[in-house]
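The values are calculated or read from the model by the stated rules, or taken from the named source; none is laboratory data. Since the structure is predicted, the reported quantities are computational estimates derived from the model, not experimental observations. Reconstructed Cβ throughout: ideal geometry from the backbone, glycine too, with neighbour counts over all protein chains shown. In case anyone asks, the SASA skips ligands and DNA or RNA and just uses the protein heavy atoms, side chains included. Shrake-Rupley method; radii C 1.70, N 1.55, O 1.52, S 1.80 Å.
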Amino acid sequence: MSASLSFTHLPHPAPTAAEVRAAVLANPGFGSTFTDHMVSIEWSEDANGIGGWHDAQVLPYGPIALDPAASVLHYAQEIFEGLKAYRHPDGSMALFRPDANARRFNASAQRLAMPELPEDLFVEAIQQLVRADKDWFPTVEGGSLYLRPFMIATEAFLGVRPAKQYKFLVIASPAGNYFKSGAPAVSIWVSDYTRAAPGGTGAAKCGGNYAASLVPTAEAFALGHDQVLFLDAAEHKWIEELGGMNLFFAFEDGSLITPALTGTILPGITRDSLLTLAREEGLTVSEERYSLDQWRADAASGKLIEAFACGTAAVVTPVGKVADRSGEFTIGTGGPGQLTGKLKARLTAIQRGEEPDAHGWVSVLD
Ligand SMILES: *Cc1c(COP(=O)(O)O)cnc(C)c1O
């Protein structure tokens with residue numbers, strides 16, 4: 001697939017020394033080191049009010065200059081995506097469902113009054129960066145190259161209206177296992193805060209949603225928990241999602257529930273993929289409302305056997321314990337469950353090229 005723009009390549013004049021890179025790739029952590037290059041594409045509105053993408057570049061990773069009046073710094077016109085590239089056993093490099101990220105990026109762009117990026121250009125930009133930094137795949141077990149495409153409003157203007165200039169960027173960060181010790185079951189705190197209200201930006205992947213989740217998350221940490229759970233804004237009763245992961249509930253009768261996409265939940269690509277895999281495993285899958293009270297009751301009766309969170313960064317994370325101001329309850333044994341492990345193993349095997357891709361999810365780079 002060829003994008004309509006051609007990319008200018010400005011190779012890094014002083015790339016990271018091989019031994020420094022090797023040390024990073026053996027122990028990458030998450031999100032704290034970056035590769036030698038990044039992608040940048042500009043958008044501006046011309047005199048006739050028609051916008052266009054131009055100046056596509058693969059350039060050395062580094063700081064960007066912004067006017068202090070750039071609208072992103074004042075009114076938070078910012079959206080992002082997160083996806084991973086994998087080095088398959090046959091040596092090829094592959095992305096997992098990048099077209100789905102491209103579509104979601106444009107849905108977020110619409111909600112934040114930002115210009116859409118042609119889907120093939122979004123994917124091409126990511127591929128260009130992965131090719132430029134192909135020596136940055138972690139050597140550690142379970143590693144991947146995490147890609148972060150994002151868009152910011154760069155116009156210098158303090159009036160409140162959609163900006164007329166934007167910058168789309170892609171950066172890459174070698175990633176190990178998100179949870180250092182594999183995936184232990186996490187403890188989650190049910191927040192009194194809300195993440196998203198009907199009509200708000202809950203379904204858009206925008207930085208503002210994350211800014212609003214930091215205080216609730218800090219509160220969860222302070223109380224000794226690993227993650228924060230948000231309930232719906234209207235009744236404070238229905239389970240929505242964690243700060244950055246969707247939730248699933250598994251029952252002893254073979255059914256699996258995840259909250260329906262009501263507009264206040266981020267439509268996760270991991271969530272969507274797991275729905276498909278769970279159906280193939282013969283589970284009765286449904287997207288519906290599920291309340292905290294029901295969750296507590298089902299955990300107590302033994303009807304509910306497992307719960308897990310999912311998202312690109314950590315893939316699948318078992319939930320062991322849930323707490324709110326009234327007390328806490330344990331899910332199953334409190335440790336990682338069988339179904340959770342099975343779904344995680346199947347999804348990661350497909351992503352890593354260790355199991356055939358029957359769904360057209362894996363996009364191998366040429
Ligand atoms: C990104 C994100 C997810 C997970 O989406 P994936 O596509 O599976 O990575 C879930 N919830 C929120 C709030 C997110 O921002």
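Figures for the structure shown
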quantity	calculated
In the range 157-177, residue farthest from Val123 (Cα to Cα) [restricted to those that are in contact with a strand residue (DSSP E or B) (Cβ under 6 Å, 6 or more places away or on another chain) and of a type in the set (Gly, Ala, Ser)]	Ala163
Single unsatisfied condition, Gly202 versus (1) in contact with a Pro (Cβ under 9 Å, 6 or more places away or on another chain); (2) farther than 26 Å from Glu45 by Cβ; (3) crowded, with 23+ Cβ neighbours inside 10 Å	(1)
Filter pass, Leu242 being in contact with a Leu (Cβ under 7 Å, 6 or more places away or on another chain), open to solvent by less than 60 Å² (accessible area, probe 1.4 Å) and within 9 Å of the ligand (Cβ to nearest atom)	yes
When residues of the range 127-141 are limited to those that are in a helix (DSSP H, G or I) and out of contact with any Pro (no Cβ under 6 Å at 6 or more places or on another chain), the one surrounded by the most Cβ atoms within 10 Å (Cβ to Cβ)	Leu129
Residues satisfying the stated conditions in the range 3-29, i.e. open to solvent by 80 Å² or more (accessible area, probe 1.4 Å), touching a residue at least 24 places away in the same chain (Cβ under 8 Å) and over 17 Å from Ala132 (Cβ atoms)	Ser4, Asn27
Residue that is farthest from Asp324 (Cα to Cα) [pool: residues in the range 258-300 that are open to solvent by 20 Å² or more (accessible area, probe 1.4 Å) and part of a strand (DSSP E or B)]	Thr284
Top-ranked residue of the range 324-335 - restricted to ones that are modelled with pLDDT of 95 or more and under 14 Å from Ala307 (Cα atoms), ranked as most open to solvent (accessible area, probe 1.4 Å)	Thr330
Flag if Ala183 is open to solvent by less than 50 Å² (accessible area, probe 1.4 Å), away from the ligand (no atom under 11 Å from the Cβ) and at pLDDT below 95	yes
Which numbered condition Leu145 fails, given (1) assigned to a loop (DSSP other than H, G, I, E, B); (2) assigned by TED's automatic domain parsing to the domain that holds Gly51; (3) open to solvent by less than 20 Å² (accessible area, probe 1.4 Å); (4) under 28 Å from Phe308 (Cα atoms)	(1)
Selection from the range 81-112 of residues that are surrounded by fewer than 20 Cβ atoms within 10 Å (Cβ to Cβ), over 29 Å from Glu355 (Cα atoms) and either within 16 Å of the ligand (Cβ to nearest atom) or over 21 Å from the mean Cα position of the chain (by Cα) (or both)	Asn106, Ala107, Arg111
Unmet criterion (only one of (1) in a loop (DSSP other than H, G, I, E, B); (2) within 13 Å of the ligand (Cβ to nearest atom); (3) aromatic (Phe, Trp, Tyr)) for Tyr193	(2)
Scan of the range 258-285 for residues that are more than 22 Å from the chain's Cα centre (by Cα) and not β-branched (Val, Ile, Thr), ordered by number	Arg279, Glu280, Glu281, Gly282, Leu283
Enumeration of residues in the range 193-231 that are among the acidic types (Asp, Glu) and farther than 28 Å from Val72 by Cα	Asp226
Residue that is more than 14 Å from the ligand (Cβ to nearest atom), more than 22 Å from Thr340 (Cα to Cα) and not in a helix (DSSP H, G or I), where the choices are Glu235, Glu219	Glu235
